[in-house]
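> Encoded as structure tokens, here's the structure I'll be asking about.
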Amino acid sequence: MKILIKDELLSGKSVFETEIDFASETVTVKDVISERVKKEVADYNNRLPEYFNGLVEPLDAEKTLNGYKLKSKKVIDAEKQIYIALDAFQKNGFFVLVDNHQADSQEEQIVLKATTTISFVKLTPLVGG
């Protein structure tokens, strides 16, 4: 099932959108975060563009208007990025809204519907690996 994933500012303005395909209709917040990061890293690693746009800032990268610019083009480690993202969620570095309901824990169950929208609201820059 394809679900719309958005990044939003605190004001509610959407600044990024993508769709992620989930195999199951019931997932956890941890699953959503992990799948999102895996997709972003795979998209980047397959093309190695100049800028990485994702939830977690890779190590050895500089924040720019166009995204994160890595000092040298290299493959990003998805597992490291997932670990950093899950840790940041625990530390309130960002929060996750599921149809405008704030998720409280990584283990919270989400029943996905075709109309489900999941929004990520970053509170602080997230630096990963």
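> Here are some residues: Val41, Val15, Val27. Which one is part of a strand (DSSP E or B) and over 20 Å from Ser105 (Cβ atoms)?
Of the residues listed, the single one that is part of a strand (DSSP E or B) and over 20 Å from Ser105 (Cβ atoms) is Val15.
> Exactly one condition in (1) touching a Lys or Arg at 6+ places or on another chain (Cβ under 8 Å); (2) in contact (Cβ under 8 Å) with a residue 12 or more places away in the chain is false for Asp99; which is it?
Failing condition for Asp99: (1).
> Another one. Pairs only if they're at least six apart or on different chains, beta carbon under 7 angstrom, first in region 103-127 and open to solvent by 90 Å² or more (accessible area, probe 1.4 Å), second assigned to a loop (DSSP other than H, G, I, E, B) and at pLDDT 95 or above; list them, first residue then second.
Hits for this filter: Val111/Glu25.
> Out of the residues in region 74-102 meeting the condition of being part of a loop (DSSP other than H, G, I, E, B) and of a type in the set (A, V, I, L, M), tell me which one is surrounded by the most Cβ atoms within 10 Å (Cβ to Cβ).
Once the filter is applied, the top-ranked residue is Ile76.
> Could you list, in sequence order, the residues of region 32-59 that are closer than 14 Å to Phe16 by Cβ, in contact (Cβ under 8 Å) with a residue 40 or more places away in the chain and either aliphatic (A, V, I, L, M) or open to solvent by 40 Å² or more (accessible area, probe 1.4 Å) (or both)?
If the condition is that a residue be closer than 14 Å to Phe16 by Cβ, in contact (Cβ under 8 Å) with a residue 40 or more places away in the chain and either aliphatic (A, V, I, L, M) or open to solvent by 40 Å² or more (accessible area, probe 1.4 Å) (or both), then Val37, Leu55, Val56 are the ones that fit.
Yes or no, residue by residue, for (1) touching a Leu at 6+ places or on another chain (Cβ under 9 Å); (2) more than 22 Å from Lys2 (Cα to Cα):
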{"residue": "Ala42", "(1), (2)": "no, no"}
{"residue": "Glu50", "(1), (2)": "yes, yes"}
{"residue": "Leu55", "(1), (2)": "yes, no"}
{"residue": "Pro58", "(1), (2)": "yes, yes"}
{"residue": "Ser72", "(1), (2)": "no, yes"}
{"residue": "Phe94", "(1), (2)": "yes, yes"}
{"residue": "Asn100", "(1), (2)": "no, no"}
{"residue": "Ser119", "(1), (2)": "yes, no"}
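> Could you count how many residues in region 5-29 are open to solvent by 80 Å² or more (accessible area, probe 1.4 Å) and touching a residue at least 24 places away in the same chain (Cβ under 8 Å)?
Total satisfying the criteria: 3.
> Right, something else. Anything in region 13-32 that is hydroxyl-bearing (Ser, Thr, Tyr), at pLDDT 95 or above and under 24 Å from Asn66 (Cβ atoms)? List them, or say none.
Listed by number, the list is empty, since nothing qualifies.
> Give Glu35, Glu107 a once-over and let me know the one that is assigned to a helix (DSSP H, G or I) and at pLDDT 95 or above.
So the residue among Glu35, Glu107 that is assigned to a helix (DSSP H, G or I) and at pLDDT 95 or above is Glu35.
The values are calculated or read from the model by the stated rules, or taken from the named source; none is laboratory data. In this text, all values refer to a predicted model and were calculated from it rather than measured experimentally. Please note: Cβ atoms are built from the backbone with ideal geometry, for glycine as well, and neighbour counts cover all protein chains shown. All accessible areas refer to the heavy atoms of the entire protein, side chains included, with ligands and DNA or RNA removed. Shrake-Rupley method; radii C 1.70, N 1.55, O 1.52, S 1.80 Å.
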